[in-house]
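Here's the structure, in structure tokens; my notes come after.
Quick note: the coordinates plus some simple rules give every number you see, no bench work behind them. Worth saying up front: this structure is predicted, and the values here are computed from it rather than measured. FYI the Cβ positions are ideal-geometry reconstructions off the backbone, even for glycines, and counts take in every protein chain you see.
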Amino acid sequence: MGNFIFGYSAAKDNKFLDYTPTATSEDSGHPATNLKLYANPKQDWRGLVATDTVITLAFGSAKTVLVIALIDVNFTACYITENGTFRHPAAGNLTISQDEGTGRYDAYIALTGFNFANLKLHIPTQTPLFSESVFRIGSAICLDTKMELIANPHEYEPEFDHEMDTNSFKSGGFEDINLGDIFWQGTMNFPTINSAQITQFMTLNTLKKDQLLLFYENKNDTSKVYVCKRRSVIGVSYPPGSRADIKSIIFRETI
């Protein structure tokens, strides 16, 4: 359990750590390349089976991968290898849990000692969730750059909502139209921070508001991970004394 973690592309190109994906089973209408549509996980990869499946992410050369995040999947067990002896976890499977706020199954998977050219995601035979018949993954994010905030927020307000439109009628009635999936939005306040902590927030500021970020709550629930963008300015106030305050910062999930 620790402070909030933000992952991002050091090149500021919205690609995170780039890779070329292939899968041992693939629906041609939902190819493995959809795993890199990070801002739109509803355009997903889908296999043709619910039996042992392997997805290979090829980096082109050995890369240090700190994290792989799986967004919007329909299975609860998997494990990770490369071409040789690396395996995570060392035995058995990782367990993917449901984010009760969004209803989706997501996973933030921290890796130690991974420096290889290929990452293999193994999905063992199991019954897919939601009465579906084949495996699917919305997106897969690999990180070689992340930042754990030194400061803990004084207040953190996670909200879950979905876009709606409303048609109003002369009779006084109305009709709601659901425009999309449930999304997470987080508001954070950071009063009383020091100069080192300010530097971290300025790093977030240089990433600009259109930069994709991976946010992880880091509170022992690996489902609390979101691909998001910053939706507010990062403002610093300097009251009398040696401290500084960060005003409310808002991040919103891209779905």
Counting only pairs 8 or more places apart or on different chains, how many lysine pairs in region 148-253 have C-alpha atoms closer than 27 Å? 12
I need the peptides 11-17, 110-116 ranked by packing, meaning the mean over residues of other C-beta atoms within 10 angstrom, with the highest value on top. 11-17, 110-116
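Please state the shape class of region 24-162: rounded when a/c is under 1.5, otherwise prolate if a/b exceeds b/c and oblate if not, all from the C-alpha gyration tensor. Working shown, then result.
Working: a/c = 1.61, a/b = 1.09, b/c = 1.47.
Note, shape of region 24-162 comes out oblate.
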Have a look at Gly47, Gly103, Gly173 and tell me which one the Gaussian network model of the chain (Cα, springs below 10 Å) gives the largest fluctuation. Gly173
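Cα-based Rg of region 103-255 per 2.2 N^0.38 Å, rounded to two decimals? Present the calculation step by step, with values, prior to reporting the outcome.
Numbers: Rg = 19.9 Å, N = 153, 2.2 N^0.38 = 14.9 Å.
My calculation over the Cα atoms of region 103-255 gives 1.34.
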Where nothing but the Cβ of Lys and Arg (+1) and of Asp and Glu (-1) is charged, how large is the charge dipole of the chain around its Cα centre, in debye to the nearest 20? 800 debye
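With charges only on Cβ, +1 for K and R and -1 for D and E, what is the dipole size of region 148-253 about its Cα centre, in debye, rounded to 20? Provide the component values of the computation, followed by the final result.
Details: 11 positive and 15 negative charges, 118 e Å.
Its charge dipole is roughly 560 debye.
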With springs only between Cα atoms under 10 Å apart, run a GNM on the chain and tell me which of Arg104, Arg46, Arg243 wobbles the most. Arg243
Determine the sum of side-chain charges near Ile249: Lys and Arg each +1, Asp and Glu each -1, restricted to other residues whose C-beta is under 9 angstrom from that of Ile249. +3
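Once the other residues with Cβ under 14 Å from the Cβ of Gly180 are scored (Lys, Arg +1; Asp, Glu -1), what is the net sum? Show your work: numbers first, answer last.
Details: positive: Lys42, Arg104, Arg252; negative: Asp72, Asp161, Glu163, Asp165, Asp176, Asp181, Glu253.
Overall, the nearby charge balance is -4.
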By the scheme Lys and Arg +1, Asp and Glu -1, what is the net charge of all other residues having a beta-carbon under 15 Å from that of Ser223? -4
Options Pro128, Ala110, Thr199, ranked by Cα towards positive dipole end of region 105-255, top entry (Cβ charges): Thr199
